[in-house]
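Remarks on the structure that follows.
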Amino acid sequence: MMIKDIWINLPVKDVARASAFFTAIGFTFNAQYGTKTDSASFIVGKQNLVLMLFDEASFKGFSNGEVADNSQGTEALFSIGVDNKEAVDEIAAKAIEAGGTSNHLPTEMKGWMYGCLFLDPDGHKWNALYMDMSKM
């Protein structure tokens, strides 16, 4: 057995709004999946990661459970690796312009990481992150 890819499935309140947000921060629409009113698909980076957005009703149906209330805690933190500090700054700005929120300005962490935490319009937590492995 060989695992060939990973799919992250997220519930969203408005698929069109969420799709516009992820397109604005640089995710690539997955044309192979097609356009649907209750879901959207994006390819992320170069390593076979797929982000699927499902309206909450569809997500509940196949997950066999309720959607977590991310305002009450952190369900997960999704980190986006980038090539340099400028890319972190760019994603942070685009996330805010596209309707996301952040109270965490891009900052240096532990002497070798530079990142910014932001929330997408549905409250999922994301981190744009540059890691200078030569300083680790």
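For the reader, a short list of remarks on this structure follows.
- Percent of beta bridges antiparallel (DSSP, segment 3-136, rounded to nearest 5): 60
- Projection of the Cα convex hull of segment 25-136, averaged over all directions and equal to a quarter of that hull's surface, yields 8.3 nm².
- Taking every alpha-carbon pair under 8 Å whose residues sit at least 6 apart, segment 76-119 reaches a relative contact order of 35 percent.
- Full extension of the chain between Met136 and Asn103 gives 9.3 nm of extra length, using 0.36 nm per residue less the Cα-Cα distance.
- Anisotropy class assigned to segment 39-97 is prolate, per the alpha carbon gyration tensor with a/c at or over the 1.5 cut-off and a/b larger than b/c.
- Three-way shape label, segment 1-78, alpha-carbon gyration tensor, a/c 1.5: rounded
- Mean-position separation - Cα centroids, segment 112-136 and segment 22-40, in angstrom: 22
- Number of Lys-Lys pairs in the chain with C-alpha atoms under 22 Å apart and a separation of 8 or more places or on different chains: 17.
- Taking 0.36 nm per residue of sequence separation and removing the Cα-Cα distance, the Glu66/Asn9 pair yields an extension gain of 19.1 nm.
- Rounded to the nearest 500, the helix-only mean residue ellipticity at 222 nm of the chain stands at -7000 deg cm²/dmol, with each DSSP H run of n ≥ 4 adding -39,500 (n - 2.57).
- Under Stokes-Einstein, with the Kirkwood radius over Cα pairs as Rh, the value for segment 68-131 at 20 °C and 1.002 mPa s is 181 µm²/s.
Read-outs: derived from the displayed coordinates by stated rules, not from any lab. Keep in mind that this is a model prediction, so the values were computed, not measured.
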